[in-house]
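Taking it in order: structure first as structure tokens, then the write-up.
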Amino acid sequence: MTTKKKTLLAVLLTAAAGVSAQGPWKMNLRCEAENIVLKMDLYKESITVPQMEMFGPMNGYLGGNIYGVWSITSYEIKNEREAVLRLSNDLGSETQRAMLTQQNDTVWLLKFDGHNAVKRVSGKKLVKIPQELLMKKDIR
């Protein structure tokens, strides 16, 4: 193999490694209807969670129009289209399990298991957000 071919092969392998490292489990999702965002990187702890900077980078968080910030404390990648997330509120007093399922290239379904502990402020009350959130990849 010539030096030129070796160099080209090395460049192609490096580019392919970068693409696969991004993968389906590193992205920003947004539910426009509820104004909720899910930022995550299930490959490494690389995301700074707002109001929780003192803990260093984490795997991600759920934020936006909800009460507090819910960080991803653990996860299980089931396959290339499904992952189970364990979320914890910013006080550490409540946890929530959720299934994230890819519907197509840009749409994901976040479904909370059992009792939904994630709430938002409505007037002077805390109300539960919907049990299922249709989220789209945020390409901003």
> Can you tell me which of Glu76, Glu45, Glu53 is open to solvent by 60 Å² or more (accessible area, probe 1.4 Å), over 23 Å from Leu133 (Cβ atoms) and modelled with pLDDT of 95 or more?
Replying inline: Glu45
> Limited to the stretch 59-69, what total is found for residues that are under 17 Å from Glu132 (Cα atoms) and within 11 Å of the chain's Cα centre (by Cα)?
Replying inline: 3
> Of Glu45, Glu53, Glu94, Glu132, which residue is among the charged types (D, E, K, R) and within 16 Å of Pro24 (Cα to Cα)?
Replying inline: Glu45
> Only one of (1) at pLDDT below 95; (2) surrounded by 19 or more Cβ atoms within 10 Å (Cβ to Cβ); (3) hydrophobic (A, V, I, L, M, F, W, C) fails for Ala17. Which number is that?
Replying inline: (2)
> Can you tell me which residues in the stretch 106-140 are open to solvent by less than 90 Å² (accessible area, probe 1.4 Å) and assigned to a loop (DSSP other than H, G, I, E, B)?
Replying inline: Thr106, Asp113, Gly114, Asn116, Ala117, Val118, Gly123, Ile129, Pro130, Gln131, Asp138
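Quickly run through the stretch 27-42 and pick out the residues that are open to solvent by less than 80 Å² (accessible area, probe 1.4 Å) and either at pLDDT below 95 or not hydrophobic (A, V, I, L, M, F, W, C) (or both).
If we filter the stretch 27-42 for residues that are open to solvent by less than 80 Å² (accessible area, probe 1.4 Å), which is where we start, we get 27-31, 34, 36-42.
Across the stretch 27-42, the qualifying residues are Asn28, Arg30, Glu34, Lys39, Asp41.
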> What's the number of the condition Arg97 fails, among (1) open to solvent by less than 80 Å² (accessible area, probe 1.4 Å); (2) within 20 Å of Tyr61 (Cβ to Cβ)?
Replying inline: (1)
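Leu87: under 18 Å from Asp138 (Cα atoms), modelled with pLDDT of 95 or more, open to solvent by less than 30 Å² (accessible area, probe 1.4 Å) and touching a Leu at 6+ places or on another chain (Cβ under 7 Å), yes or no? Give the steps one after another, and end with the answer.
On the way: under 18 Å from Asp138 (Cα atoms): no; modelled with pLDDT of 95 or more: yes; open to solvent by less than 30 Å² (accessible area, probe 1.4 Å): yes; touching a Leu at 6+ places or on another chain (Cβ under 7 Å): yes.
Considered against the rule, which asks whether it is under 18 Å from Asp138 (Cα atoms), modelled with pLDDT of 95 or more, open to solvent by less than 30 Å² (accessible area, probe 1.4 Å) and touching a Leu at 6+ places or on another chain (Cβ under 7 Å), Leu87 comes out as no.
The values are calculated or read from the model by the stated rules, or taken from the named source; none is laboratory data. No experiment lies behind these values; they were computed from the predicted model shown. Backbone-built Cβ (ideal geometry, glycine too); neighbour counts: all protein chains shown. Surface accessibility is based on the protein's heavy atoms, side chains included, excluding ligands, DNA and RNA. Shrake-Rupley method; radii C 1.70, N 1.55, O 1.52, S 1.80 Å.
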